[in-house]
Amino acid sequence: MKNIIFFGPPGAGKGTQAKIISEFLDVPHLSTGDILRKKLLDNDNLAIELKEIMSSGNLVSDDILNSIVASRLNNETGKGFILDGYPRTLKQSEFLNNFLLKTSKSVDYIFNIKINFKTLKNRILKRSSEESREDDNIDVIQTRYGEYLNSTEKVSNFYKENYSSIFHEIDGSQQIDEITEKIKQILKNL
């Protein structure tokens, strides 16, 4: 069983790598971004609230995401999990750590995909034209990157300082297959 967290700014490729590694290990991939985008299709008050939050580039509240993640992790079998886009705040990481402690689970690997803003911006704008995602425009990118620096990077640094034996930094400017190979080598060697 392998439990993995992927960190990195929006557009770094953590979702792409999480999907690839999920298939490679046959472990469920929990992407909060995918879950939230599916929720936007519902025609209820939460969907309307989420659309407003996400289209402005702001982060969804801790309580909403904690509830989603706890529900999904409770439903997963003993294969493990891959978290992508969670935890994004110190409050979420505290919730996750307490949840794992209560359920006798732990995180085995943490991958932080590092990438500079210029490369990231170009990547997201390209993705926007290919996938027609409303949350991929220059203003939203800058807001999301700012949110990442103000909150998620602090969470990543917390894990780097407190879980250094399982924390791995990956160069996100490489090609997708090069990044995947690096991650697979780490998974095989430990």
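In 10 Å bins starting at zero, report the fraction of Cα pairs in the stretch 137-182 per bin as a rounded %.
Cα pair-distance distribution for the stretch 137-182, in percent: 23, 32, 41, 4.
Going through the cross-link list Lys154/Lys188; Lys114/Lys160; Lys2/Lys188, which pairs have a Cα-Cα distance over 20 Å in this structure? Numbers along the way, then the final one.
On the way: Lys154/Lys188 28 Å; Lys114/Lys160 13 Å; Lys2/Lys188 12 Å.
The answer is Lys154/Lys188.
How big is the charge dipole of the chain about its Cα centre, in debye rounded to the nearest 20, if each Lys and Arg gets +1 on its Cβ and each Asp and Glu gets -1 on its Cβ? Before the final figure, lay out each step's value.
Numbers: 26 positive and 27 negative charges, 80 e Å.
With Lys and Arg at +1 and Asp and Glu at -1, about 380 debye.
Name the residue, out of Lys91, Lys14, Lys126, whose mean-square fluctuation peaks in a Gaussian network model built on the chain with Cα pairs under 10 Å.
Lys126
Rounded to the nearest 10 Å², what accessible area does Thr119 show when all protein chains are kept and the probe is 1.4 Å?
Counting only protein heavy atoms, the figure is 50 Å².
In cubic angstrom, how much convex hull volume per residue do the alpha carbon atoms of the stretch 29-82 span?
On the way: hull volume 4.5 nm³, N = 54.
Per residue, the Cα convex hull of the stretch 29-82 comes to 84 Å³.
Please report the net charge: other residues with Cβ closer than 12 Å to the Cβ of Thr89, K and R +1, D and E -1. Don't skip to the end; give the middle numbers.
Details: positive: Arg88, Lys91, Lys154; negative: Asp62, Asp63, Glu94, Glu147, Glu153.
Taking every other residue near Thr89 into account, the sum is -2.
When only Cα pairs under 8 Å and 6 or more residues apart are kept, what is the percent relative contact order across the chain? Let's see the in-between values first.
Details: 240 pairs, mean separation 65.7, N = 190.
It comes to 35 percent, rounded to a whole number.
When 1/r is averaged over all different Cα pairs and the result inverted, which Kirkwood radius in Å belongs to the stretch 57-145? Each step should come with its number before you reach the end.
Details: mean 1/r = 0.0656 Å⁻¹.
That comes to 15.2 Å for the stretch 57-145.
Could you compute Rg(Cα) / (2.2 N^0.38 Å) for the chain, with N its residue count? Intermediate values should be presented prior to the final figure.
Values: Rg = 15.9 Å, N = 190, 2.2 N^0.38 = 16.2 Å.
That ratio works out to 0.99.
Taking all protein chains in place and a 1.4 Å probe, what share, in percent, of the accessible surface of the chain do carbon and sulfur account for? Walk me through the numbers before you get to the answer.
Numbers: 4760 of 10010 Å².
Carbon-and-sulfur percentage of accessible area, whole number: 48.
For the stretch 23-72 and the stretch 135-190, write down the distance between their C-alpha centroids in whole Å.
The stretch 23-72 and the stretch 135-190 have Cα centres spaced 19 Å from each other.
Return one whole number: the accessible area per residue of the stretch 18-78 in Å², for a 1.4 Å probe. Show your work: numbers first, answer last.
Numbers: 3420 Å² over 61 residues.
For the stretch 18-78, the solvent-accessible area averages 56 Å² per residue.
Using amide H atoms built 1.01 Å from N in the peptide plane, name the residues 5+ places from Phe7, or on other chains, whose amide H lies under 5 Å from its own.
So Phe7 has HN proximity to Phe111, Asn112, Ile113.
How much FRET efficiency would the formula 1/(1 + (r/R0)^6) give for Lys118 and Gln175, where r is the Cβ-Cβ distance and R0 is 22 Å, rounded to 0.05? Please report the intermediate quantities before stating the final value.
Values: r = 17 Å, r/R0 = 0.78.
Given R0 = 22 Å and the Cβ-Cβ separation, E is 0.80.
Given R₀ = 45 Å, what would the calculated FRET efficiency be for Ser164 paired with Asp44, taking r from the Cβ atoms and rounding to 0.05? Could the numbers behind the result be given before it?
Details: r = 43 Å, r/R0 = 0.95.
E(calc), rounded to 0.05, equals 0.55.
The values are calculated or read from the model by the stated rules, or taken from the named source; none is laboratory data. On a predicted model such as this, the values are computed, not experimentally measured, just so you know. Because the Cβ atoms are built from the backbone with ideal geometry, glycine has one as well, and the counts that use them run over all protein chains shown. Surface accessibility is based on the protein's heavy atoms, side chains included, excluding ligands, DNA and RNA. Shrake-Rupley method; radii C 1.70, N 1.55, O 1.52, S 1.80 Å.
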